[in-house]
């Protein structure tokens with residue numbers, strides 16, 4: 001019988017340990033180091049022959065470096081004669097670049113997916129892709145997890161009776177609709193334009209928000225401009241208060257300050273990427289989601305005590 005094991009990448013070792021603890025799986029470290037010129041070096045010293053391996057590695061900043069390290073770990077696992085290599089990717093970088101917006105642009109998300117396939121990854125488990133349609137970019141089987149359960153649990157604890165769920169743009173409308181349905185709350189959307197990458201200009205709010213508590217729901221916060229702009233538009237439309245919930249906290253320096261400067265009162269996110277704890281942000285764990293996926297794929301028991 002092939003015993004599954006968690007391989008610890010360098011991007012988020014704490015999450016790998018949490019998944020292994022819940023799934024009661026063995027942890028196998030991947031030695032990741034670098035040559036003097038910055039070239040990444042990977043080595044798996046454990047005996048993994050005939051075993052199913054699950055590499056935990058979000059491709060969070062520095063995105064290209066994390067992606068390359070994941071690919072190298074996968075290739076090292078195959079070279080060590082692992083039976084099957086799967087990748088648990090809590091945050092998949094390059095997901096925003098899944099279409100060509102102009103001639104001469106690459107479809108970077110598809111390229112990143114092909115890199116993993118070429119390195120020997122046979123299955124991927126990803127959390128909250130920027131676009132669910134991106135699943136088709138993976139040539140190998142892909143499992144797309146949603147963070148609705150832990151996020152909604154945190155939101156319900158706030159006990160807000162007049163909550164309005166807000167999508168900061170049309171692209172995130174389906175996620176906002178799920179949250180609105182689960183919370184029996186009305187829905188609003190902020191209409192915006194993007195004059196250039198990483199810049200969003202809100203135009204106006206569709207939906208009634210005056211005098212209400214608004215919760216902006218998005219997949220990620222990078223610069224904080226999208227959430228900050230949406231928050232400002234909501235305040236201008238008469239919202240009583242504004243809160244924010246986003247899945248991936250891939251925040252650049254100053255992003256949190258930008259969000260708070262726009263009058264966002266409470267923030268909740270997940271630990272899909274490794275980030276310094278901040279008392280201004282509530283963080284909910286996602287290890288249980290991946291442990292359940294491991295139980296489904298690898299046939300291991302999931303601890304009920306976590």
Filter the range 281-303 for residues that are assigned to a helix (DSSP H, G or I) and modelled with pLDDT under 95; the one that is farthest from residue 269 (Cα to Cα) is 298
Checked 164, 126 against criteria (touching a strand residue (DSSP E or B) at 6+ places or on another chain (Cβ under 7 Å), closer than 29 Å to residue 211 by Cα and crowded, with 20+ Cβ neighbours inside 10 Å); the one match is 164
Please indicate, with yes or no, whether at least one residue in the range 80-88 is within 21 Å of residue 222 (Cα to Cα) and within 16 Å of the chain's Cα centre (by Cα). no
Over the range 98-128, the set of residues under 17 Å from the mean Cα position of the chain (by Cα), in contact (Cβ under 8 Å) with a residue 40 or more places away in the chain and in a loop (DSSP other than H, G, I, E, B) is 128
Answer yes or no: is there a residue in the range 218-231 that is within 21 Å of residue 263 (Cβ to Cβ), in a strand (DSSP E or B) and more than 17 Å from the chain's Cα centre (by Cα). no
Of the conditions (1) more than 28 Å from residue 222 (Cα to Cα); (2) out of contact with any helix residue (DSSP H, G or I) (no Cβ under 8 Å at 6 or more places or on another chain); (3) buried (at least 24 other Cβ atoms within 10 Å of the Cβ), the single one that residue 23 does not satisfy is (2)
Cβ pairs under 6 Å, 6+ apart or interchain, first in the range 25-41 and in the same structural domain as residue 76 (by TED's automatic domain parsing), second surrounded by fewer than 11 Cβ atoms within 10 Å (Cβ to Cβ), ordered by first then second residue, are 41/33
If you go through 95, 87, 77, 82, the only one that is part of a helix (DSSP H, G or I) and buried (at least 19 other Cβ atoms within 10 Å of the Cβ) is 77
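The values are calculated or read from the model by the stated rules, or taken from the named source; none is laboratory data. Everything numeric here is computed off the predicted structure, so don't read it as measured data. Don't worry about glycine lacking a Cβ; one is built from the backbone with ideal geometry, like all the others, and counts go over all protein chains shown.
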